[in-house]
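Undergrad: Once you've had a glance at the structure underneath, I'll fire off some questions.
The values are calculated or read from the model by the stated rules, or taken from the named source; none is laboratory data. These numbers were taken from a predicted model, which means no experiment stands behind them. Here the Cβ positions follow ideal geometry from the backbone for every residue, glycine too, while neighbour counts run over all protein chains shown.
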Amino acid sequence: MRLLALLTVTAVLACAADVSGKWAGKTRMSISGRIEEDTMFLTLKQEGARVTGTAGPTQEQQAAIRNGKIEEDRVTFELPVPNGIFVFDVRLAGDRLKGTLIANAQGQEFHATIEAARSK
């Protein structure tokens, strides 16, 4: 019975998605009725269920992410910003990440979508 459980866990881990690598995409946010788009670059490293790395609006302007994790195809992490935090909740589908971003900064909360593709 233990062997069967171990084999099942091993098979699940072997098939688990890997988000390690460089990603580039866009965020879209509605502010006062206007749609604002911005670029987003991520460099992620996955070790088991733990995700570390950096994220930011340019490849040069990056900050370390924290509390990163992956469960099946769902990736969550936080990005500290001056006077706030961005909380990411995205799904991995092949070489694409797609999901939501909640930005809490300077006493305000904004909701955005994010879509990124793995860089080749």
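Undergrad: Can you say whether V81 is at pLDDT below 95 and either more than 15 Å from S20 (Cα to Cα) or not small (G, A, S) (or both), as far as the supplied structure shows?
TA: In short, yes.
Undergrad: Restricting attention to region 105-120, report how many residues are under 20 Å from I35 (Cβ atoms), of a type in the set (S, T, N, Q) and modelled with pLDDT under 95.
TA: 1
Undergrad: Kindly establish whether A17 is modelled with pLDDT under 95 and surrounded by 13 or more Cβ atoms within 10 Å (Cβ to Cβ).
TA: Yes, satisfied.
Undergrad: Can you list residue pairs whose Cβ atoms sit under 7 Å apart, with the first residue in region 89-113 being touching a residue at least 40 places away in the same chain (Cβ under 8 Å) and the second being surrounded by fewer than 17 Cβ atoms within 10 Å (Cβ to Cβ) and not in a strand (DSSP E or B)? Count only pairs 6 or more apart in sequence or on different chains.
TA: L92/A17; L92/D73
Undergrad: Name the residues in region 55-70 that are assigned to a strand (DSSP E or B) and within 10 Å of the chain's Cα centre (by Cα), would you?
TA: A55, G68, K69, I70
Undergrad: Which of (1) at pLDDT 95 or above; (2) under 21 Å from Q108 (Cα atoms); (3) surrounded by fewer than 13 Cβ atoms within 10 Å (Cβ to Cβ); (4) among the polar types (S, T, N, Q) does Q61 not meet, given it meets every other one?
TA: (2)
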